[in-house]
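Taking it in order: structure first as structure tokens, then the write-up.
The values are calculated or read from the model by the stated rules, or taken from the named source; none is laboratory data. Values in this document were obtained by computation on a predicted structure and should not be read as measured data. Note that each Cβ is placed from the backbone with ideal geometry, even for glycine, and that neighbours are counted across all protein chains shown.
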Amino acid sequence: MIRVLLRRATAHFDQFLLGALIFTMLVALFVLYSASGQSMDRMLSQGVNIVVACCVLWVFANIPPQHLQRVAVPLYLLGILLLIGVFLFGDVSKGARRWLNLGVMRIQPSELMRIAMPMMLAWYFARREDSHRFSDYVIGALMLAVPVALIVKQPDLGTALLISASGFYVLFLAGLSWRLLIGLGITVAGLIPLVWPHLHDYQRRRIEILFDPYSDPLGAGYHTIQATIALGSGGLAGKGWLHGTQAQLDFLPERHTDFIFAVFGEEFGLLGDLLLLVLFSIIIARGMLITANAQNTFSRLLAGSITLTFFTYAFVNMGMVSGILPVVGVPLPLISYGGTSLVTLMIGFGILMSIQTHKKLVST
């Protein structure tokens, strides 16, 4: 009886993907313990976050993709309304207006759009799968531009970047031609001089620091300099767990969140970084295999966007820590401390598992 219940409870888990996720999060706990100054409380707190995120994963893994397709439009509209609410009535914290106080709780609507945005675009293009016209891509781009503009206004450049990526991947997988992509790239490049004066001072400074962090070594360039020192000092095999000087002597800022990759690189070296890259590659490869085998257009577009957005998470974080991208406040997926981003990620992976396992059930 117990065996039957367990089989039913885990019927919609993709065991290969689940194993890779759990192993990565266990590695994250060891790194977090070191990055947080050997704080057992923070490590246990993240353990609770992992348990909650896995429960959320189970819930979404058991929701058939056709049900997700039905709620795509209302979920997107709800996200837009909440973002407008943030713009009008949101709480201001550290110069940013990102949270909406609903009385009983405070929410960050931009997190909802990380899932709602690709779902909406996947729904839209699935309804037009027989003939995609240029106007469809224009409408899709407008659907994407509205929430991104509201999030940029908060300002939250990191989240805006991730949502832009999730929407772009749906457009690309739906058949956006390379000629349009090249034209779009040229247009964006041409708009840079017009956009530059409208950026916030700190956003312009981040881009300037990318090219010369030593122009302000104790200010805007401090994060980048300390992170690259930590990565470089790890060498081939690292200094050993709990022995990273940049982290343990408190030179490295935000070391348990945005810059945890620098802690990982310092303590485990290039070999440890390669192991982490292998784990991420396994997760991405499994996601793309699920995408390729998806049963319908909605599932394929949604699965592809979720997988490639995870890749973007990792690439942007590692890029900003290693000094090849501006610092935009994007955590390292599955590794950085935090519950909200982890739950959002696991919702996506739960949807991936649902697409994989419900496809099998329907086909049999």
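Give the residue, chosen from 181, 194, 270, 277, that is more than 18 Å from residue 35 (Cα to Cα), in a helix (DSSP H, G or I) and in the same structural domain as residue 332 (by TED's automatic domain parsing).
277
Return the residue satisfying two criteria in turn: it lies in segment 146-167 and is under 15 Å from residue 120 (Cα atoms) and touching a Gly at 6+ places or on another chain (Cβ under 8 Å), and of such residues it is surrounded by the fewest Cβ atoms within 10 Å (Cβ to Cβ).
Out of the qualifying residues, it is 148.
Answer yes or no as to whether residue 135 is in a helix (DSSP H, G or I), over 15 Å from residue 296 (Cβ atoms), touching a helix residue (DSSP H, G or I) at 6+ places or on another chain (Cβ under 7 Å) and not charged (D, E, K, R).
no
Kindly indicate whether any position in segment 199-206 is closer than 28 Å to residue 119 by Cβ and of a type outside the set (Gly, Ala, Ser).
Within segment 199-206, none of the residues are closer than 28 Å to residue 119 by Cβ and of a type outside the set (Gly, Ala, Ser).
How do the pairs read when you match residues in segment 67-87 that are surrounded by fewer than 19 Cβ atoms within 10 Å (Cβ to Cβ) with residues anywhere that are outside any helix (DSSP H, G or I), using Cβ under 7 Å and keeping only pairs 6 or more apart or on different chains?
That search, which allows pairs on different chains as well, returns 85/100; 87/153.
For segment 20-34, does any single residue satisfy the condition of being without any contact (Cβ under 8 Å) to a residue 60 or more places away in the chain, outside any helix (DSSP H, G or I) and surrounded by 14 or more Cβ atoms within 10 Å (Cβ to Cβ)?
No, that holds for no residue.
Go through 214, 202 for me and flag whichever is assigned to a helix (DSSP H, G or I), within 26 Å of residue 273 (Cβ to Cβ), free of Cβ contacts under 8 Å to residues at least 60 places away in the same chain and out of contact with any helix residue (DSSP H, G or I) (no Cβ under 6 Å at 6 or more places or on another chain).
Of 214, 202, the one residue that is assigned to a helix (DSSP H, G or I), within 26 Å of residue 273 (Cβ to Cβ), free of Cβ contacts under 8 Å to residues at least 60 places away in the same chain and out of contact with any helix residue (DSSP H, G or I) (no Cβ under 6 Å at 6 or more places or on another chain) is 214.
Could you give every pair whose Cβ atoms fall below 9 Å, whose first residue belongs to segment 312-325 and is at positive phi, and whose second residue is among the polar types (S, T, N, Q) and surrounded by fewer than 22 Cβ atoms within 10 Å (Cβ to Cβ), counting only separations of at least 6 or pairs across chains?
Once the first residue is at positive phi and sits in segment 312-325, its partners that are among the polar types (S, T, N, Q) and surrounded by fewer than 22 Cβ atoms within 10 Å (Cβ to Cβ) give 323/228.
So, residue 38, is that one at pLDDT below 95, in a loop (DSSP other than H, G, I, E, B) and in the same structural domain as residue 346 (by TED's automatic domain parsing) or not?
Here the answer is yes, as residue 38 does meet what is asked.
Taking residue 351 and the conditions (1) more than 30 Å from residue 35 (Cα to Cα); (2) surrounded by fewer than 19 Cβ atoms within 10 Å (Cβ to Cβ), which numbered condition does it fall short on, given that it satisfies the others?
(2)
What number of residues in segment 223-245 are closer than 22 Å to residue 208 by Cβ and among the hydrophobic types (A, V, I, L, M, F, W, C)?
4
Looking at 296, 317, can you tell me which residue is within 17 Å of residue 158 (Cα to Cα) and either at pLDDT below 95 or not assigned by TED's automatic domain parsing to the domain that holds residue 116 (or both)?
Answer to the check: 317.
Farther than 30 Å from residue 266 by Cβ, of a type in the set (Val, Ile, Thr) and either out of contact with any Phe, Trp or Tyr (no Cβ under 9 Å at 6 or more places or on another chain) or not assigned by TED's automatic domain parsing to the domain that holds residue 117 (or both): which single residue out of 59, 27 fits that description?
59
Working carefully through the options 265, 304, 244, 269, find the one that is at positive phi and touching a residue at least 12 places away in the same chain (Cβ under 8 Å).
269
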